[in-house]
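Data first, discussion second: the structure below is written as structure tokens.
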Amino acid sequence: MISSIARFYASWLLLLLVACAPEPGDGPASEAAEVDKAPESVSGAVDSVGAYCFELTSARDRILLGEPLALLVSLKNCSDQSVEVRNLLAPEYGLLGIRVGYLDNEQFYDPPVRRDGRGKGYVELAVGEAIAATIPVYFGRDGWLLGMPGQYSFQAEYLVDDVEVTSGRVTVQVDAPSSEKHQSAANSFMSPAAARYYFLGGGDDRGREALRALAEEHPGTPWAAYAGLGLAIDAVSSSTDEIHEVACQSLFVSIHDVENDWISALRGYETLSDCSDDTSSDSDWDRARDEFVHRHPIAGTILND
């Protein structure tokens, strides 16, 4: 028997799913003139140095202002024998540099958090195996980073075995929203409270309420879909046992809403891995996860870590 609190929470999650559903003339289709259909991935050229192939990837080459762009960087063993490396690709460890170019300016991405990687051990990479990490280039130490329309370029640098490898350059066009209503949604997502909450996958009530209001006020928009993903990730992480399956089901739906941005969807699948193995929908989630990894093999490197 689900308690009244759990029933209330489940009702709220259902309302969230309805709020994120597209309305006629106000969904992703209405943005078709602004952003072309996203390809499976947009990759910079692979740089090969010694035993390693180093690549920076974006899921999309065009986004709307206020959409949270994340990139994926991978280091692959391209030699003919196994190698050992320390998995310090995540930007917070300080060995990965991301050059961000806009107009005539270029600066290094400054991650919002820092970690000490001295305690991380080595991992063995068989021939063809890789390590990978996502980089939330939309959000840094000073808050939202991609705050103006235009073309941005990204290039990764990494120090491995005392050798610096550099990725090819990836470019992403950030387009301005087509209406005042959509500009308002973008501004809401880029606000400090909402952006920080989405980046952390939870946090203070202010950020939660900001994303909840966005999802309710701008249903069917891309920003509402990302808001739904952020709220669902938080719900799974903080839910109690009796409402855990409801939260997981909400996350499952939210992942589907952003699957044209597979790097953001990957973050949802990472959280979905925390869902209970004995839930009734577990087999559906596993099947969807396996299909996702089949479409994007590098995602398995992170999901299976």
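Residues 203, 207, 228: which one is outside the structural domain of residue 135 (by TED's automatic domain parsing) and at positive phi?
203
Taken together, 118, 141 contain a single residue that is without any contact (Cβ under 8 Å) to a residue 24 or more places away in the chain and not aliphatic (A, V, I, L, M), which is 118. Out of 210, 227, 235, one residue alone is in a helix (DSSP H, G or I), of a type outside the set (Lys, Arg) and modelled with pLDDT under 95. It is 235.
Name the one entry in 138, 102, 93, 158 that is surrounded by 13 or more Cβ atoms within 10 Å (Cβ to Cβ) and closer than 14 Å to residue 70 by Cα. Checking each option against the conditions leaves just 138. Can you tell me which residue among 88, 64 is in contact with a helix residue (DSSP H, G or I) (Cβ under 8 Å, 6 or more places away or on another chain) and crowded, with 16+ Cβ neighbours inside 10 Å? On inspection, the qualifying residue turns out to be 64. Is it the case that residue 103 is outside the structural domain of residue 201 (by TED's automatic domain parsing), touching a Leu at 6+ places or on another chain (Cβ under 7 Å) and either closer than 18 Å to residue 299 by Cα or touching a residue at least 24 places away in the same chain (Cβ under 8 Å) (or both)? No. Considered as a group, the residues in segment 122-166 that are of a type in the set (S, T, N, Q) and either in contact with a Lys or Arg (Cβ under 7 Å, 6 or more places away or on another chain) or at pLDDT 95 or above (or both) include one that is nearest to residue 200 (Cα to Cα), and that residue is 134.
Among the numbered criteria (1) surrounded by 21 or more Cβ atoms within 10 Å (Cβ to Cβ); (2) not in a loop (DSSP other than H, G, I, E, B); (3) not assigned by TED's automatic domain parsing to the domain that holds residue 266, which single criterion is violated by residue 182? Unmet for residue 182, out of (1) surrounded by 21 or more Cβ atoms within 10 Å (Cβ to Cβ); (2) not in a loop (DSSP other than H, G, I, E, B); (3) not assigned by TED's automatic domain parsing to the domain that holds residue 266: (3).
Check whether at least one residue in segment 60-67 is of a type in the set (Gly, Ala, Ser), in a loop (DSSP other than H, G, I, E, B) and touching a residue at least 40 places away in the same chain (Cβ under 8 Å), and report yes or no.
Yes; the residues of segment 60-67 include at least one that is of a type in the set (Gly, Ala, Ser), in a loop (DSSP other than H, G, I, E, B) and touching a residue at least 40 places away in the same chain (Cβ under 8 Å).
The set of residues in segment 211-248 being within 17 Å of residue 274 (Cβ to Cβ), in contact (Cβ under 8 Å) with a residue 40 or more places away in the chain, surrounded by fewer than 24 Cβ atoms within 10 Å (Cβ to Cβ) and not charged (D, E, K, R) consists of 239, 240, 243, 246.
Restricted to segment 114-150, and to residues that are over 20 Å from the mean Cα position of the chain (by Cα) and in a strand (DSSP E or B), which residue is nearest to residue 61 (Cα to Cα)? Within segment 114-150, the match that is nearest to residue 61 (Cα to Cα) is 150. Taking the residues in segment 250-261 that are crowded, with 22+ Cβ neighbours inside 10 Å and either in a helix (DSSP H, G or I) or at pLDDT below 95 (or both) as candidates, determine which candidate is nearest to the chain's Cα centre (by Cα). The residue in question is 255.
The values are calculated or read from the model by the stated rules, or taken from the named source; none is laboratory data. Model, not experiment: these values are computed from the prediction. Backbone-built Cβ (ideal geometry, glycine too); neighbour counts: all protein chains shown.
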